[in-house]
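What follows is a set of notes on a single structure, which appears directly below.
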């Protein structure tokens, strides 16, 4: 005789299980964001003088992640160069997707193409010019980027300069396309991001035009105020000159009367001894 075993009840109901799953994805996303920030700090503070398994030195460790960060960054930089910066982007990008629950189900099918993006980014970095602070015998793309760039240039039937430019441009396009795919973007998300960028550009352009318009109107108002001030000063100078001329004309009659009154007194001035003697002799002569 067969007995039918009763099934066991689940430990959590469906709602509780879904909530636990969401919280677990959010915790995983936060962990990925933290690891991405740590990777960025490790690569950003990398210096070839740090002690690692590739270089034995007694110098103090400058890497923010300590000796482990210096030991991990040294081989990565030697092989892939500046192409390693896609690692913090991938970690932080997918961490944000898990936290916000936007497309986290596409993670496995997209991240599997990370090596392709890594290689293309190294090739693109190899086409860039390294500054004096780089301090390595290889280029910005690391050893892999230099070898891949040289192989790609050798397959092109053009000169070295044009081939380098062409491969760099194609690698840059590949970085954008493959990167968008690896980071989990869909066509709808790209369209939404494009609209957001266009709206931001239009708003920024409108703000710049508004500021320029305000500056031009302010300059015009300032110029008008300066012209008005110059005209006002010129009018005051003209009015002051007219007042001075009117005052001078009013003073001329009184000056003339003063001069006329002063003349008789000057005619009756006493005669000197010589003129008095001459006047006396002249009188006696007329009496004779």
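Counting only residues that are touching a residue at least 40 places away in the same chain (Cβ under 8 Å) and touching a strand residue (DSSP E or B) at 6+ places or on another chain (Cβ under 9 Å), the stretch 36-65 holds 1 of them. Within the stretch 69-114, being closer than 17 Å to residue 176 by Cβ, more than 27 Å from the chain's Cα centre (by Cα) and part of a helix (DSSP H, G or I) holds for 110, 114. Being within 29 Å of residue 105 (Cβ to Cβ), in contact (Cβ under 8 Å) with a residue 12 or more places away in the chain and part of a helix (DSSP H, G or I) is the filter here, so list the residues in the stretch 160-200 that pass it. Answer for the stretch 160-200, where residues must be within 29 Å of residue 105 (Cβ to Cβ), in contact (Cβ under 8 Å) with a residue 12 or more places away in the chain and part of a helix (DSSP H, G or I): 174, 175, 178, 179, 181, 182, 189. Could you figure out which of (1) assigned to a helix (DSSP H, G or I); (2) surrounded by 13 or more Cβ atoms within 10 Å (Cβ to Cβ); (3) within 27 Å of the chain's Cα centre (by Cα) isn't true of residue 203? All conditions are met except number (2).
Checked against (1) surrounded by 12 or more Cβ atoms within 10 Å (Cβ to Cβ); (2) not in a helix (DSSP H, G or I), residue 58 passes all but a single condition, namely (1).
A short reminder: the numbers here are calculations on the coordinates, not readings from a lab. Fair warning: this is a prediction, and the values are worked out from it, not measured in the lab. Counting neighbours? That spans all protein chains shown, and the Cβs are built from the backbone with ideal geometry, glycine included.
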